[in-house]
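Participant: Starting off with a structure, shown below.
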Amino acid sequence: MSIRKIWIEEGCISCNLCEDTVSEVFQVRAGDTSRVRKGYIRLLSDPAIVERVHEAAESCPVEVIIVEE
Ligand code: SF4
């Protein structure tokens, strides 16, 4: 499944799981909530990255990672 856009809704608990799963796309800075890295769109041509983004979204404990396909 291809991805068109990724964003994080309010409610992130900064557990770091998304960055651990796909650090190319997500960044959780100390004392902050998760954010999607600038320029992530170009990475989405890699099926392995796309797969890990889906995995991160499905594993987020508060389900705030939104993936638009
Ligand atoms: S997995 Fe979810 S709760 Fe954890 S840091 Fe990422 S967005 Fe936040």
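Participant: Return the total of residues in region 21-47 being among the hydroxyl-bearing types (Ser, Thr, Tyr) and either within 19 Å of Glu10 (Cβ to Cβ) or touching a helix residue (DSSP H, G or I) at 6+ places or on another chain (Cβ under 7 Å) (or both).
Facilitator: So the first thing to find is which residues in region 21-47 are among the hydroxyl-bearing types (Ser, Thr, Tyr), and the list is 21, 23, 33-34, 40, 45.
Now drop any that are not either within 19 Å of Glu10 (Cβ to Cβ) or touching a helix residue (DSSP H, G or I) at 6+ places or on another chain (Cβ under 7 Å) (or both), which leaves 21, 33-34.
So the count comes out to 3.
Participant: Filter the strands (runs of 3 or more DSSP E) completely within region 4-45 down to those with at least 1 residues that are β-branched (Val, Ile, Thr) and under 15 Å from Ile66 (Cα atoms).
Facilitator: Numbers: elements: 5-8, 26-28, 34-36.
Answer list for region 4-45: 5-8, 34-36.
Each row is one residue, and each column tells you yes or no for (1) of a type in the set (Asp, Glu); (2) away from the ligand (no atom under 13 Å from the Cβ); (3) in contact with an Asp or Glu (Cβ under 9 Å, 6 or more places away or on another chain).
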{"site": "Ile3", "(1), (2), (3)": "no, yes, yes"}
{"site": "Gly11", "(1), (2), (3)": "no, no, yes"}
{"site": "Asn16", "(1), (2), (3)": "no, no, no"}
{"site": "Glu19", "(1), (2), (3)": "yes, no, no"}
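Participant: Scan region 1-27 residue by residue and report those that are more than 10 Å from the chain's Cα centre (by Cα) and of a type in the set (A, V, I, L, M).
Facilitator: Met1, Ile3, Ile13 - these are the residues of region 1-27 that are more than 10 Å from the chain's Cα centre (by Cα) and of a type in the set (A, V, I, L, M).
Participant: Just to verify a result, which residue in region 26-69, among those that are surrounded by fewer than 16 Cβ atoms within 10 Å (Cβ to Cβ) and of a type in the set (Gly, Ala, Ser), is farthest from the ligand (Cβ to nearest atom)?
Facilitator: Ser45
Participant: Quick check on Ile3: is it surrounded by 11 or more Cβ atoms within 10 Å (Cβ to Cβ) and out of contact with any helix residue (DSSP H, G or I) (no Cβ under 6 Å at 6 or more places or on another chain)?
Facilitator: So Ile3 fails the test.
Every read-out reported here was derived from the displayed coordinates using simple, explicitly stated rules and does not represent laboratory data. It should be emphasised that the depicted structure is a prediction, and the values quoted were computed from it without experimental measurement. Using ideal geometry, Cβ is built from the backbone for each residue, glycine included, and neighbour counts are taken over all protein chains shown.
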